[in-house]
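To start, the structure itself, in structure tokens.
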Amino acid sequence: MTEHRWTELAAPYALGSLDREERTELERHLETCASCRAEVQSFREVSGLLALSVAPAAPPPMLRQRVLRTARKVRSIPWLAAAAVVLAILGGLGYWRATNEARVLRTRLDVAQSQLDSTKYVVAALLDSSVAITDLAATGKAPSMRLYWNRARNIVVALAFDLPPAPAGRTYQLWAIEKGRAPVSVGIFNTSPTGRAIVTLQMPAGVRPDISAVTQEPAGGSPQPTQQPFLVGSL
């Protein structure tokens, strides 16, 4: 079995969809391969998170009544025929469950693909040869911010560190400043409770800033800064 084949089996193994022979063979390989173990673990973590994001599916409300109604009818027929009816009902239930599980799995895979596409987009923006990098720092101690400006795509990826979330009714705003011109808004953002943020913003067309800066503004942002920037950096 090739290494490519091992990688292909990681996702179905994490989802429990391998047959016994494939599962045994892969588990034997996982005992000696740290790379494949990490691959399987990553799929398990994603599937676990996605499971929490999908509402549990309940059987149709009429299913129980249908089963009971059928059970009453089969009391008077030979036990063999009754068993056949029950098996048919269970088969229908199994089909419903399989169809519903397939629909839930499709939803999970779509969410995972969307997250993967978003990650690939950010990574591609950061690794482009036209990217300019600048650090925005406060005077003295943190907070701080690092900007990746992809000139070819006009995309700015901003990473904030140790920056407490803006108070209620307020937001942070990133500005692009060209010498001799008024600041231009690149966009607004906020940080998580941990003081960190990763945001992707669009640099306004035609703007080639010499300086980037961050201010705290009213929710929704301001046309122009209403206070002195507390993070500033040169591009």
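Where a number appears in this text, it was derived from the coordinates with a stated rule and is not lab data. This structure is a prediction, so every number in the text was calculated from the model and none was measured. Neighbour counts are summed over all protein chains in view; Cβ atoms, including those assigned to glycine, are modelled from backbone coordinates with ideal geometry.
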Self-check item: Inter-label distance for GLN202 and ARG28, nm, one decimal - labels placed 7 Å from Cα along Cα-to-Cβ
Solution: 5.5 nm
Practice problem: Can you list which of the trypsin sites (Lys or Arg not before Pro) found in region 171-223 are DSSP loop residues with at most 11 other C-beta atoms within 10 Å? | Solution: LYS179, ARG181
Quiz item: Within region 197-235, whose backbone N sits under 13 Å from a point 7 Å along Cα→Cβ of ALA182?
Solution: 222-226
Quiz item: What length, rounded to one decimal in nm, is gained on full extension from ARG20 through to ASN190, with 0.36 nm per residue of separation minus their alpha-carbon distance?
Solution: 56.3 nm
Exercise. Could you work out the per residue convex hull volume over the alpha carbons of region 148-235, in cubic angstrom?
Key: 91 Å³
